[in-house]
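The values are calculated or read from the model by the stated rules, or taken from the named source; none is laboratory data. Computed from a predicted model, the values in this text were never measured in an experiment. Neighbour counts run over all protein chains shown; Cβ positions are idealised from the backbone, glycine included. Note: areas computed on protein heavy atoms with side chains; ligands, DNA, RNA excluded. Shrake-Rupley method; radii C 1.70, N 1.55, O 1.52, S 1.80 Å.
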Amino acid sequence: MSTLPGDRRADCPPGPAAAPPTEVRDQAPGTVDLLVRGAELVVTMAGEDIPGGWVAADGGMVAAVGPPGSEPPARRVLDASGTLVTPGLVNAHHHLFQNLTRAFAPAAAEGLSGWLGVLRPLWRRLDEEAAHVSTWVGLAELARNGCTTTADHLYLHPRPRLVDAQVAAAREVGLRFHPVRGSVVARPGADRDEVPSWAERPDDVLADSARLLDAFHDRSAGAMTRVAMGPTALAATTPALLEDLARLAGRHDARLHTHLFEEPGEAEECRAWFGRPPGRLLADSGWGGRAWVAHAVHPGEEGVRDLAAAGIGVAHCPSSNALLGAGIAPLSTLRAAGVTVGLGTDGSASADSASLWLEARTAMLLARATGGAPAMSGRQALALATVGAARCLGREEEIGALGPGMCADIAVWELDEVMFAGAHTDLVEAWPRCGPPRVRHTLVGGVPVVRDGELCAPGLPARLASHRAIARAWQHAAPV
């Protein structure tokens, strides 16, 4: 896997159950590349919903949206009759490699620390082949669940060029990809038994981060790949590295990311280690305005104020936090303070699923269970999975909504299904309440990555076979 294949995204070849888009040969003035038409409802998240509406895409971007009867001529037409059309979902936090240890029985009853202790010996086996196939399968899962953009925090680097293998997989599947070059280094003053044998040197982290930025970080409009950086946690970094990463990010206009406030007591530990609370440490290190963190389950009042003051967003991962017994992030408090909040699936070994619909539903349920029925609506849940997550990634001008000049990233959800029978008054409210919904089409830049429910990238059975072989070998091998 030393070379990267080109971007192989293409329309799905027609199959027995997948009719190709209607082709329009006569190109009248104003003809667009693609028209998605006939939806029950188009939810733009940038303005009013459009009953019976359409979305026109040209050059990978949204050219226009509008009501029935005003459609422009198009070279290709996708039928969206009987569907709900939304922006493609955006995943602000993932660990794709962890799907190789999904639902691992010896870790199933553990909290975060015990869970990590069980799984880290297995994850040390990660190599380019495992990184590629786990990313490929994970992105396929996301695409089939209506996701068009994902971040991925790869913080274990037992071998080189694992992120390169991930980027190759993303190009093959066709999703927008924000790899986060994570790291684990020895914290100053840490005992020897606190530092794992696979910890990296700060200089090596910086050198590889710079290499990845030069190779893959694309700041152009509609970019398919953007690179971010950040340690797995403050317990695995140094103030100097935080500052160096911020300077590097500033030179490349890149984003920064880490886990924060996932367990109780982090603020007190950070004060003991670094003399400052976590949010202030990040702000003092230059992370303000270009960072987002995962979890924020236990920020406390001080942590919420510091995140808001620094302009640092939060990727809320409700399923993972619930399964690991970590608690429930205070969404209402964070949002009231002005903190940007998006959704993340977290790793497939903690959430054991990669569905942003499930995360949106779970976020809504937990918010209402703890704050009362008015605490979150279905539309607010959808917003977390679209515009909120897009803001976390610094791409609110490009993704997470459907309007002229935005990326043509579109999810087309089936409504003519048993689970939506009887839902007629508010389809947006029904979306998280009545599913799980089935995606008919997922489009990235106006190009189908899922069409008629089928993944467009070829080779899924072979990838699953490879994934199965690696996962079984890891899970049945003695720890290394």
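Assorted remarks:
- Options Ala140, Val77, Pro106, ranked by Cα towards positive dipole end of segment 77-153, top entry (Cβ charges): Pro106
- Derived scalar couplings between HN and Hα for segment 143-159 equal 4, 6, 10, x, 8, 10, 9, 9, 8, 9, 9, 9, 10, 9, 10, x, 9 Hz in order, rounded to whole Hz, by the Karplus curve 6.51 cos²θ - 1.76 cosθ + 1.60 (θ = phi - 60°), x for Gly and Pro.
- Size of charge dipole - the chain - debye, nearest 20, with Cβ of Lys, Arg +1 and Asp, Glu -1, no other charges: 480
- Each residue of segment 171-186 was assigned a 3J(HN,Hα) from its phi angle through the Karplus curve 6.51 cos²θ - 1.76 cosθ + 1.60 (θ = phi - 60°); the sequence is 5, 6, 7, x, 8, 5, 10, 10, x, 9, 6, x, 6, 10, 10, 6 Hz, with glycine and proline shown as x.
- Selection among Ala390, Leu175, Val36 by position relative to the dipole of the chain gives Leu175 as farthest towards the positive end (Cβ unit charges, Cα centre).
- Crossing angle, helix 300-310 versus the chain [Cα axis fit, 0-90 degrees, rounded to tens]: 70
- The residues of the chain have, on average, 38 Å² of accessible surface per residue, using a 1.4 Å probe with all protein chains present.
- If both residues of a DSSP beta bridge must be in the chain, then about 50% of such bridges are antiparallel.
- When you restrict to C-alpha pairs under 8 Å that are six or more residues apart and normalise by the size of segment 271-347, the relative contact order lands at 31 percent.
- The portion of the accessible surface of the chain made up by carbon and sulfur, rounded to a whole percent, is 51 (1.4 Å probe; DNA, RNA and ligands excluded).
- Projecting the Cα atoms of Leu119, Pro188, Thr149 onto the dipole axis of segment 109-188, where Lys and Arg carry +1 and Asp and Glu carry -1 at the beta carbon, places Pro188 farthest toward the positive end.
- Under the convention that each Lys and Arg Cβ holds +1 and each Asp and Glu Cβ holds -1, the size of the dipole of segment 211-283 around its Cα centre is about 320 debye.
- Dipole moment magnitude, nearest 20 debye, segment 104-184 about Cα centre, only Lys, Arg, Asp, Glu C-beta charged: 140
- Length-normalised contact order of the chain in % [C-alpha pairs under 8 Å, at least 6 apart]: 22
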